[in-house]
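What follows is calculated from the coordinates using simple rules that are stated; it is not laboratory data. On a predicted model such as this, the values are computed, not experimentally measured, just so you know. Please note: Cβ atoms are built from the backbone with ideal geometry, for glycine as well, and neighbour counts cover all protein chains shown.
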Amino acid sequence: MGGFFGTVSKVGCVTDLFYGTDYNSHLGTKRAGMATFSEEGGFVRSIHSLENSYFRTKFESELASFKGKSGIGVISDTDPQPIMINSHLGRFAIVTVAKINNIDELEKEMLDANMHFAEMSMGKTNQTELIALLIVQGKDFVEGIENVYNKIKGSCSMLILTDDGIIVARDKWGRTPIVIGKKDGAYAATSESSSLPNLDYEIERYVGPGEIIRMRADGLEQLRAPNEKMQVCSFLWVYYGFPVSCYEGRNVEEVRFMSGYKMGKTDTSEVDCACGIPDSGVGMALGYAEGKGVPYHRAISKYTPTWPRSFTPSNQEMRSLVAKMKLIPNRAMLQGKRVLFCDDSIVRGTQLRDNVNVLYDYGAKEVHMRIACPPLIYGCPFIGFTSSKGDMELITRRIIKEIEGDENAKLVQYATTDSPEYKELVERIRARFGLTSLKFNTLETLIEAIGLPKCKVCTHCFDGSSCF
């Protein structure tokens, strides 16, 4: 997916920018970039690959080259950014968190209008540059950003660094979040509120869907009011979000805990302990243990010194190997136990298969699995929350094809909790991986834990629902 951080200060901003951007590292794995602006030196930019290292190791030695009181940074799962532009709107740098499904159509439209693209990303158009070119078609930044909102199919949130502060614009449906923090003499805008506390920022406000704000060191100026309707991604709370982050006022860890707690309260399975698959399954497992009244044990741990969550190769074969290498089972906590594990989701099932086999090999008597969200039935057309290239990479679709002969058959029934089709799907997944029992969180429980109206939360990947 990706995440960004931008700050405007009355004093130098480079340290805040460096650490604030780094606190978004769990959101992306491919590239990172920073840009600053100073009246004396203008814009300074740097971009690095993260595929074989980490953000801090790439940028720490360059910090002295960045100058100024305003800057933006990004952790990107897509294209190299920030992009630098000189236009009739002035000079600016831009970072985005976006997924553009109609990029080929927009590219052709621009080329036919005698425009050109200077930045290429792995032989393809850089989508952040395309967004910048859509913006400069407007008479001002607001009209240009509205042009982005109207033209792209997918989603786009952005930060634009200008010589007069930072323009903050959230996706028109609010699919990805932006949080603004404040401290004495400075403001910051970020994808993750977890970027703020250690830099002494307090949450000032959540940017609304489609809202545009100009952020200066001495205050905020609203350039466009937020839209009434919102479809913030529910998977942020399930998987992507860092535990201390909040979106729309709802804390990630609290949502995960409550999801597990509600499952534990109603679960009739007999187990000896609960354990979370690190990292995103831990909060749910703690809630489950409390709701069920069983102890929480660390029967499997992540080797954090060299396998942080953000270090995830783009190649599927290597990703599967990393998934195995970073999780270490504890034989002493597994031997002869009926262990219940909580995890965020099942996408392809590759990691689950390997984990279950190891758990039995290490002496587990029974292996029960509880999943924080409903089965993933539909690929996401709105944000890139997985690296899946198509619906058939989802284990649910492959099993539906086995049952029905058509991966698109009866999807509504398979997505309906406790329907005969749903029960058959869950049982097939359970049997395939040799689990003692398998249960998914219901959509109703997930929405209740998030605490927002269903109409404001995107649940397309679970039930196929779409915009109004």
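Applying a 10 Å radius around every beta-carbon, put 142-154, 230-242 in order of their mean neighbour count, most first.
230-242, 142-154
To the nearest 20 Debye, how big is the dipole of the chain about its Cα centre, given +1 on the beta carbon of each Lys and Arg and -1 on that of each Asp and Glu?
Values: 55 positive and 58 negative charges, 211 e Å.
The calculated dipole for the chain is roughly 1020 debye.
When each pair of different Cα atoms in the chain is counted once in the 1/r mean, what is the Kirkwood radius in angstroms, to one decimal?
Here the Kirkwood hydrodynamic radius works out to 23.1 Å.
Roughly what would the spin-label model give for A431 and D184, points 7 Å off Cα along C-beta, in nm?
Those two pseudo-labels are separated by 6.7 nm.
List, in order, the whole-Hz ³J(HN,Hα) value for each residue of the stretch 229-246 obtained from phi through the Karplus relation with A = 6.51, B = -1.76, C = 1.60 and θ = phi - 60°; use x for Gly and Pro.
Once θ is set to phi - 60°, the couplings for the stretch 229-246 become 8, 9, 9, 5, 5, 5, 6, 4, 6, 6, 10, 5, x, 6, x, 8, 6, 10 Hz.
Can you tell me, using C-alpha contacts under 8 Å and at least 6 residues apart, the relative contact order of the stretch 368-436 as a whole percent?
27 percent
Report, in degrees rounded to the nearest 10, the 0 to 90 angle that the Cα long axis of helix 395-404 makes with the longest principal axis of the chain.
Rounded to the nearest ten degrees, it is 60.
Starting from the Cα of L223, step 7 Å along the direction of its Cβ; do the same at K324; then give the gap between the two resulting points in nm.
5.0 nm
Under 13 Å from the Cβ of K58, count the other residues' Cβ atoms, weight Lys and Arg +1, Asp and Glu -1, and hand me the total.
On the way: positive: K30, R31, R56; negative: D22, E51, E60, E62.
Its environment carries a net charge of -1.
Using the Cα gyration tensor of the stretch 1-84, with a ≥ b ≥ c the square roots of its eigenvalues, what is the shape: rounded (a/c below 1.5), prolate (a/b larger than b/c) or oblate (neither)?
Taking the square roots of the gyration eigenvalues as a ≥ b ≥ c, the stretch 1-84 is prolate.
Evaluate the relative contact order of the chain (contact order divided by residue number), counting alpha-carbon pairs under 8 angstrom at least 6 apart; express in whole percent.
For the chain, the relative contact order is 12 percent.
I need the P(r) histogram for the stretch 376-430: all alpha carbon pairs, bin width 5 Å from 0 out to the longest distance, whole percents.
4, 21, 31, 22, 14, 7, 0
Could you size up the charge dipole of the stretch 1-133 around its Cα centre, putting +1 on the beta carbon of Lys and Arg and -1 on that of Asp and Glu, and report it in debye to the nearest 20?
400 debye
For S234, which sequence-distant residues (separation of 5 or more, or a different chain) have an amide H within less than 5 Å of its own amide H, given hydrogens modelled in the peptide plane?
Correct list: C458.
Length gain on complete extension for the stretch C455 to Y54, per 0.36 nm per residue less the alpha carbon to alpha carbon distance? Display every interim value, and only then the final one.
On the way: separation 401, 0.36 × 401 = 144.36 nm, distance 3.77 nm.
Taking C455 through Y54 to full extension adds about 140.6 nm, to one decimal.
Work through the residues other than I152 whose Cβ is under 11 Å from its Cβ and net out their charges, Lys, Arg +1 and Asp, Glu -1.
+2
I want the local charge near C455. Using Cβ-Cβ distances under 11 Å, sum +1 for each Lys or Arg and -1 for each Asp or Glu among the other residues.
Charge balance in the 11 Å sphere: +2.
Apply the Karplus parameterisation 6.51 cos²θ - 1.76 cosθ + 1.60, with θ equal to phi minus 60°, to every residue of the stretch 20-26 and state each ³J(HN,Hα) to the nearest whole Hz, in sequence, with x for glycine and proline.
My calculation for the stretch 20-26 gives x, 5, 4, 6, 9, 5, 6 Hz in order.
If you take the beta carbon distance between F117 and E62 as r and set R0 to 35 Å, what does 1/(1 + (r/R0)^6) give as a FRET efficiency, to the nearest 0.05?
0.85
According to the square roots a ≥ b ≥ c of the eigenvalues of the Cα gyration tensor, what is the shape class of the stretch 141-237, taking rounded for a/c under 1.5, prolate for a/b larger than b/c otherwise, and oblate for the remainder?
It is oblate, given that a/c is not under 1.5 and a/b is not larger than b/c.
Set Lys and Arg Cβ to +1 and Asp and Glu Cβ to -1, take the dipole of the chain about its Cα centre, and tell me which of V148, G12, L438 lies farthest positive.
So the residue we want is L438.
Taking a cut-off of 30 Å between Cα atoms, list the lysines near K337, but don't count ones fewer than 8 places away on the same chain.
K262, K265, K292, K302, K324, K326, K365, K423, K439
Just name one of A332, L130, H48: the one whose Cα is farthest towards the positive end of the charge dipole of the chain (beta-carbon charges, Lys/Arg +1, Asp/Glu -1).
Of the options given, the answer is A332.
Would you be so kind as to identify which of T78, V207, N227 lies farthest towards the positive end of the dipole of the chain, taking Lys and Arg as +1 and Asp and Glu as -1 on Cβ and the Cα centre as origin?
Result: T78, furthest along the dipole toward the positive end.
Going by average Cβ neighbours within 10 Å, how do the peptides 170-176, 157-163, 346-352, 53-59 rank, with the highest at the top?
In descending order of packing, they fall as 170-176, 157-163, 346-352, 53-59.
If you fit an axis through the alpha-carbon atoms of helix 282-292 and take the longest principal axis of the Cα set of the chain, what angle between them do you get, 0 to 90°, nearest 10?
That works out to roughly 40 degrees.
Over the Cα atoms of the stretch 391-468, how large are the radius of gyration and the largest Cα-Cα distance (Dmax), in Å?
According to the Cα coordinates of the stretch 391-468, Rg and Dmax are 13.6, 40 Å.
Can you tell me the dipole magnitude for the stretch 117-162 around its Cα centre, using point charges on the Cβ only (Lys, Arg +1; Asp, Glu -1), in Debye to the nearest 20?
180 debye
Classify the stretch 1-141 as rounded, prolate or oblate from the Cα gyration tensor: take a ≥ b ≥ c as the square roots of its eigenvalues, call it rounded if a/c is under 1.5, otherwise prolate when a/b beats b/c and oblate if not.
Here the stretch 1-141 falls in the oblate category.
Taking 0.36 nm per residue of separation and subtracting the Cα-Cα distance, what length does fully extending N150 through D104 add?
15.0 nm
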